[in-house]
Amino acid sequence: MLLCLGLNHRTTPIELRERLAFAESKVPVAAQEIRALPGFEESVVLSTCNRVEIYTAHGMENASQQGLSALFDYLTVHFQLTPEQREALICYRLSHADAARHLFRVVGGLDSMVLGETEIFGQVKAAYTLALKNGTTGRALNKLFQRAFSVGKQVRNDTTIQRGSTSVGSVAVELAEKIFGHLRDCHVLLIGAGEMSRVCAQSLLSRGARSVFISNRNYDRAVELAKEMKGEALRFEEWEKAVNDVDIIISSTSAPHFVVTPELIQPMMHKRRGRPLFIIDIAVPRDVDPRVNEIEEVYLYDVDALQSIADDGRRERQRALVKCEEIIEEQLRKFGYHEESSPAPVDISTLPPTPLNLEP
Amino acid sequence: MCDSSFVPIFIMEPSRILLLLATLAFIGGVIHAVIALRAGRWQESRWHLAPMALGFAFQSAFLYLRGEQHGRCPLTNFFEVLIFIGWCIVLLYFLIGAAYRLSLLGVFTAPLVATLQILALLSPFDKAIAARSKVNPWLEMHASVALIAYAAFALACITGVMYLIQDYLLKHRRIHALFHQLPPIHDLAKAIRRMVLLGVILLSLALAFSFKINVPITNSKMIFSWCVLTLYVVILLLMWLRALSARQTAWLAVLGYLLPLASLWIVTK
């Protein structure tokens with residue numbers, strides 16, 4: 001009988017998740033200990049920053065409550081939780097088809113904080129491979145995990161669950177990549193050192209952008225940020241000179257008027273020899289005159305445009321969710337996991353909102 | 001040989017059946033891609049190359065049969081020239097477009113090739129040509145290299161269309177299925193320049209071969225060929241000097257292809 005005991009970002013606050021996370025080196029030992037518990041035959045331990053889950057195969061067919069209680073006890077004893085912490089700990093306890101369905105949803109990214117993210121697929125695969133290598137899996141879990149990976153791939157390939165970006169930072173990166181291809185030759189200029197522009201620049205740097213220049217009215221703040229991002233600080237009076245050398249401008253000053261105007265950009269474009277210019281205007285009121293978007297090879301996006309694209313991306317993924325659930329139910333039937341438990345209804349409104357600048 | 005294209009398939013000659021199959025493969029590929037794109041199910045996959053590869057195989061078989069029949073390069077009439085250009089476009093798509101072919105270039109290439117082949121199938125110009133006893137290699141080289149150059153210009157035209165669509169989507173913030181599948185705009189601009197450069201080199205080579213041909217060539221053919229070369233040299237220079245924006249050069253690559261298309265009629269007469 002399949003059992004799954006787990007907790008994730010929805011059930012448990014980060015303080016407790018941190019406390020209950022298995023260190024990578026301890027995972028094989030934990031899997032062995034679980035398998036050694038009475039009645040347990042196989043086990044896989046999945047421990048990521050957002051979830052801790054134990055998948056097991058229990059020898060007795062009708063001992064789900066008993067088996068899940070034993071897993072819960074193991075968890076509390078292993079992490080030496082106080083009676084208060086034990087009382088506060090909320091875990092999901094799943095058996096049979098529910099456990100299989102949950103794993104399929106996890107592998108497909110449907111249970112993730114950022115709906116449809118793909119990193120979890122690799123994390124589950126790594127956890128399973130480790131368990132396989134250490135001999136804690138057997139026929140039941142091998143079958144379950146192999147099928148989960150196949151379902152995960154199908155969900156990814158046959159639906160739009162991964163389509164589009166869901167945060168302002170990732171939208172900025174996606175647009176930059178659609179303009180320049182790769183970002184390794186791209187230089188970024190920050191005009192103003194606001195939090196959101198910093199996050200956007202970090203997203204671009206994490207995807208390979210070559211360098212970042214930071215210009216701020218408060219020069220010390222620019223130097224501080226430049227140090228943090230391994231960039232170069234410019235005095236505020238100097239940023240205009242840098243425009244010709246950069247590919248992406250992120251503007252977020254508190255100026256009450258337009259800082260970047262067509263009169264400034266148009267002559268620069270002649271010197272750029274065909275290199276496009278991507279401008280992200282995060283400021284409110286806006287820093288960049290909208291007429292700048294009319295200049296050839298200049299692509300201007302303000303914060304509303306980025307947010308709207310991120311919202312579309314989230315909606316697109318939510319629309320795909322129904323199709324994903326259908327695929328999972330179909331595969332549960334196909335693979336012979338019995339149908340006595342009906343799936344939990346998909347309630348999109350209960351999904352946690354994606355943090356504004358969280359990279360999926 | 002058949003004078004009319006409206007002939008039941010069971011009495012069509014084998015080469016025309018091959019051509020029909022090639023056309024169906026390209027059309028099938030496009031229909032499948034358009035349906036997948038509209039439904040948001042398009043995924044980059046090598047399977048999307050299959051209709052192109054199948055169409056190319058049928059085209060190659062057609063040209064082989066015709067070559068055997070004529071005892072020379074199958075460029076004996078307007079019908080065959082259209083098929084040869086279509087074949088060259090697909091060949092260049094496989095050879096040069098490697099970086100882009102998984103990103104919709106095939107979907108944009110297939111309709112053009114299918115259109116050329118439908119035109120060829122419907123045209124009344126597939127007249128029998130007696131096999132030549134002696135083949136002039138310079139003439140054969142001139143014709144085939146010139147048509148490969150025309151194919152490069154055709155790919156520049158297709159890439160130009162892709163550039164203009166992606167530019168529109170970026171400027172107007174229409175971030176949907178097609179946007180996700182089109183290649184980056186900077187790469188498209190570079191691809192246009194490469195295709196035009198390749199076409200200019202090949203056409204220059206073809207015209208250089210024409211000086212070696214002892215057979216007289218009509219003035220109109222030569223004038224049109226030189227006009228096409230001049231047009232693309234000018235486009236190339238404008239690109240090189242960055243005198244125009246990337247969008248304007250994309251328009252030139254698209255509209256410029258009208259001249260080679262029109263000239264085909266003259267040079268194949």
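Approximating the spin labels as points 7 Å out from Cα along Cα→Cβ, the A:LYS133-to-B:TRP138 distance works out to 6.9 nm. Positive contributions from Lys and Arg (+1) and negative ones from Asp and Glu (-1), summed over other residues with Cβ under 13 Å from the Cβ of A:HIS9, come out at -2.
In a reduced charge model with +1 at each Lys and Arg Cβ and -1 at each Asp and Glu Cβ, chain A shows a dipole moment near 940 debye about its Cα centre.
If you run the Gaussian network model on chain A, springs between alpha carbon atoms under 10 Å, then out of A:GLN123, A:GLN146, A:GLN85 the most flexible one is A:GLN85.
How much accessible area per residue does region A:168-308 have, counting only protein heavy atoms and a probe of 1.4 Å, in square angstrom?
Working: 5900 Å² over 141 residues.
Using a 1.4 Å probe on heavy atoms only, each residue of region A:168-308 averages 42 Å².
Return the equivalent ellipsoid semi-axes of the protein assembly as shown as a descending list in whole Å, where each equals the square root of 5 times an eigenvalue of the C-alpha gyration tensor. Please report the intermediate quantities before stating the final value.
Working: eigenvalues 641, 272, 61 Å².
Semi-axes (√(5λ), whole Å): 57, 37, 18.
Using Cα pairs closer than 8 Å and at least 6 residues apart in sequence, work out the relative contact order for region A:182-325, in percent. Intermediate values should be presented prior to the final figure.
On the way: 245 pairs, mean separation 29.3, N = 144.
About 20 percent, as a whole number.
Backbone phi angles across region A:286-301, fed through the Karplus curve with coefficients 6.51, -1.76 and 1.60 (θ = phi - 60°), yield HN-Hα couplings of 4, 8, 10, 4, x, 5, 4, 5, 7, 6, 4, 6, 10, 10, 10, 10 Hz in residue order; Gly and Pro are listed as x.
Ranking B:LEU182, A:SER47, A:THR76 by how far each Cα lies toward the positive end of the dipole of the protein assembly as shown (charges on Cβ) leaves B:LEU182 at the top. Across chain A, C-alpha contacts under 8 Å between residues 6 or more apart give a mean separation that, scaled by the residue count, equals a relative contact order of 18 percent. Residues whose amide H lies under 5 Å from that of A:GLU232, counting only those 5 or more places away or on a different chain, are A:VAL212, A:PHE213, A:ILE214; hydrogens are built 1.01 Å from N in the peptide plane. In chain A, the longest principal axis of the Cα atoms and the axis of helix A:195-206 are about 70 degrees apart.
For peptide A:177-185, how many partner chain Cβ atoms fall within 10 Å of a residue's Cβ, on average? Before the final figure, lay out each step's value.
Numbers: counts 1, 12, 7, 4, 8, 3, 0, 0, 1.
Mean shielding by partner chains, rounded to a whole number: 4.
Axis of helix A:219-228 versus longest Cα principal axis of chain A: the two differ by about 40°, to the nearest ten degrees.
The distance from the alpha carbon centre of region A:166-243 to that of region A:286-332 is 21 Å, rounded to a whole number. Helix A:168-180 axis versus longest C-alpha principal axis of chain A: approximately 60°, rounded to the nearest ten.
A:ALA140 sits among other residues whose Cβ lies under 10 Å from its own Cβ, and their net charge, with Lys and Arg +1 and Asp and Glu -1, is 0. Expressed as a whole number of Å, what is the distance separating the alpha-carbon centroids of region B:159-176 and region A:100-159? A separation of 37 Å, based on Cα centres.
Solvent-accessible surface of region A:2-158, averaged per residue with a 1.4 angstrom probe and all protein chains in place: 43 square angstrom. With a 1.4 angstrom probe, the accessible area lost at the B-A interface totals about 2200 Å².
Could you please state how large a percent of the accessible area of chain A is carbon and sulfur, counting protein chains only and using a 1.4 Å probe? Display every interim value, and only then the final one.
Values: 8060 of 15970 Å².
Looking at chain A in its full context, I get 50 percent from C and S.
So which of A:LYS178/A:LYS230; A:LYS26/A:LYS334; A:LYS26/A:LYS143 end up more than 29 Å apart, counting from Cα to Cα? Working shown, then result.
On the way: A:LYS178/A:LYS230 25 Å; A:LYS26/A:LYS334 35 Å; A:LYS26/A:LYS143 24 Å.
Result: A:LYS26/A:LYS334 exceed 29 Å.
The antiparallel fraction among DSSP beta bridges confined to chain A stands at about 45%. For the set A:ASP304, B:ASP167, the ranking by accessible area, highest first and with no ligand, DNA or RNA atoms included, is A:ASP304, B:ASP167 under a 1.4 Å probe.
Residues of region B:167-189 losing 30 Å² or more of accessible surface, assembly versus chain alone, probe 1.4 Å, please list them. Residues losing area: B:LEU170, B:LYS171, B:ARG173, B:ILE175, B:PHE179, B:HIS180, B:PRO184, B:ILE185, B:HIS186. Considering only B:ASN219, A:PRO38, A:LEU190, the residue lying farthest towards the positive end of the dipole of the protein assembly as shown is B:ASN219, judged by Cα position with unit charges set on Cβ. Taking GluC sites (Glu not before Pro) as exposed when their DSSP state is a loop state and no more than 10 other Cβ atoms lie within 10 Å, the longest site-free interval of chain A runs over A:62-339. When the residues A:VAL303, A:VAL173, A:VAL29 are ordered by accessible surface, computed with a 1.4 Å probe over the protein chains alone, the sequence from largest down reads A:VAL29, A:VAL303, A:VAL173.
Compute the signed sum of charges (Lys and Arg +1, Asp and Glu -1) over the other residues within less than 13 Å, Cβ to Cβ, of A:PHE121.
Working: positive: A:ARG105, A:LYS125, A:LYS153, A:ARG156; negative: A:ASP111, A:GLU117, A:GLU119.
Net charge in that neighbourhood comes out at +1.
Of the two radii for region A:2-158, the radius of gyration is 0.94 times the Kirkwood radius, both from the alpha carbons; that is the Rg over Rh value. Within region A:281-315, the residues that become at least 30 Å² less accessible when every protein chain is included than when their own chain is isolated (1.4 Å probe; DNA, RNA and ligands ignored) are A:ASN293, A:GLU296, A:GLU297, A:TYR299, A:TYR301, A:ILE309. Rounded if a/c is under 1.5, else prolate if a/b is larger than b/c, else oblate: which is chain A, with a ≥ b ≥ c the root eigenvalues of its Cα gyration tensor? Prolate is the answer for chain A, as a/c is 1.5 or above and a/b outweighs b/c.
The values are calculated or read from the model by the stated rules, or taken from the named source; none is laboratory data. It should be emphasised that the depicted structure is a prediction, and the values quoted were computed from it without experimental measurement. For neighbour counting, all protein chains shown are included, and Cβ atoms are generated from backbone atoms with ideal geometry for every residue, glycine included. Heads up: the accessible areas ignore ligands, DNA and RNA and are worked out on the full protein's heavy atoms, side chains in. Shrake-Rupley method; radii C 1.70, N 1.55, O 1.52, S 1.80 Å.
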